[in-house]
Amino acid sequence: MPEDLPGDPPGDLPGRRGVSDARRVVVKIGSSSLTTAAGGLDADRVDALVDVLVKQDGRQIVLVSSGAIAAGLAPLGLPRRPSDLARQQAAASVGQGLLLARYTASFARYGRRVGQVLLTSDDTSRRSHYRNAYRTLEQLFTMGVVPVVNENDTVATDEIRFGDNDRLAALVAHLVRADLLVLLSDVDALYDGDPARPGARPIAEVAVPADLDGVDLGRAGRAGVGTGGMATKVEAAAIATGAGIPVVLAAASQVADALSGAPTGTYFAPTGRRSAGRLLWLAHASAPRGSVTLDAGAVRAVTEGGGSLLPAGITAVEGEFTAGEPIELRDETGRAVARGLVNFDAREIPQLIGRSTRELARELGPAYEREVVHRDDLVLLRA
Ligand code: GLU
């Protein structure tokens, strides 16, 4: 375990650095921690969570809450979570209002207001959306309102399919420059194996990513009603810690301890530096839509010179993508060196390859004077 550094606040336990003094905190709770055995929203569990959140004096809390689908099942006469996406989205649409109504009533017991914020991971990357979301959240803090975030399930389905909001919570933590991310679920910690098996041991701290070597994430715990297994939680933790934000993964019933820095659940130490970049998610996006290959000069310009990717530096293009989507930038050996949001459709690129922007503008019009990937829309991958 790393030792406490001089200057750390006395409340922080060794190995839980940054928890007790975190001022801005993103708390994520999964569907399975908010529902009754029958599957509907459990008002008592919502109240129990809120009882703790309102007592975090001096802190700004963003609550990222799933549970919209679960809340929508009964009103729609659905006996269980449907397997098709369209009905899941319909249930989320009906349930989101009910979920917010529940939080509104629960926080109102303490005279606190909540504000609904529905986001997609795209919103954390597109410049104008990112700026607007950030501004809204800041304004909510200023007004003393607790933002309650969920994925905008009618237009995006990433978290329904893959994560039960784990990844979204990490991106929100990054967006608001949080000091701490707390991931709550019905699993009390990360285990070194299937927690249902005797002998599986909880992992108290992940100090460096190598601490996870040999942990079978597929079996290390899976929540029931939601969709987030351990793998997505660990992935979310990696996104946050990579941006310098410590993460505590704990049982929802242990939220008070998780927030105070008491030894509960699993603590993930920050591994990277805090940064204000908005494209962090890109480095972790599971599936870029395609790739372009760069010549050696372009690789240098992008990785060392902080430059944009221009058509002149491209030697090949692969995949089907449209402008605005994430793609990979590869060197001539095929190694991915960066990811970025591309400004052209894949089918437009072959005619641009190897040519100067000036020449292209002259021939094809001023719209073709743009970079293939602007440096502001680009994130370097660690070698
Ligand atoms: N946004 C969804 C919800 O609130 C995601 C969680 C899930 O997949 O259950 O229900």
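The values are calculated or read from the model by the stated rules, or taken from the named source; none is laboratory data. Computed from a prediction, not measured in an experiment: that's the story for all the values here. A quick note on method: Cβ atoms are made from the backbone with ideal geometry, for glycine too, and the neighbour counts reach across all protein chains shown. Areas reflect the complete protein model, heavy atoms only, side chains present, ligands, DNA and RNA absent. Shrake-Rupley method; radii C 1.70, N 1.55, O 1.52, S 1.80 Å.
At-a-glance table
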| item | result |
| --- | --- |
| Subset of region 21-37 that is part of a loop (DSSP other than H, G, I, E, B) and within 16 Å of the ligand (Cβ to nearest atom) - its residue that is farthest from the chain's Cα centre (by Cα) | Thr36 |
| Filtered residue count, region 253-264, keeping only those that are assigned to a helix (DSSP H, G or I), open to solvent by 20 Å² or more (accessible area, probe 1.4 Å) and touching a helix residue (DSSP H, G or I) at 6+ places or on another chain (Cβ under 8 Å) | 2 |
| Single unsatisfied condition, Tyr103 versus (1) open to solvent by 10 Å² or more (accessible area, probe 1.4 Å); (2) more than 11 Å from the ligand (Cβ to nearest atom); (3) farther than 28 Å from Arg375 by Cβ; (4) assigned to a helix (DSSP H, G or I) | (1) |
| Test result for Glu328, closer than 28 Å to Glu235 by Cα, part of a strand (DSSP E or B) and open to solvent by 30 Å² or more (accessible area, probe 1.4 Å) | no |
| Residues satisfying the stated conditions in region 57-80, i.e. touching a helix residue (DSSP H, G or I) at 6+ places or on another chain (Cβ under 6 Å) and either within 12 Å of the ligand (Cβ to nearest atom) or among the polar types (S, T, N, Q) (or both) | Gln60, Val64, Ser66, Gly67, Ala68, Ile69, Ala70, Ala71, Gly72, Leu73 |
| Segments classed as helices (runs of 4 or more DSSP H), wholly inside region 107-205, with at least 2 members that are open to solvent by 60 Å² or more (accessible area, probe 1.4 Å) | 127-142, 158-162 |
| Residues of region 284-325 satisfying the condition of being open to solvent by 50 Å² or more (accessible area, probe 1.4 Å), in contact with a Phe, Trp or Tyr (Cβ under 8 Å, 6 or more places away or on another chain) and not hydrophobic (A, V, I, L, M, F, W, C) | Ser286, Arg289 |
| The lone exception for Val379 - which of (1) in contact (Cβ under 8 Å) with a residue 60 or more places away in the chain; (2) outside any strand (DSSP E or B); (3) of a type outside the set (Phe, Trp, Tyr); (4) touching a Gly at 6+ places or on another chain (Cβ under 9 Å) it fails | (2) |
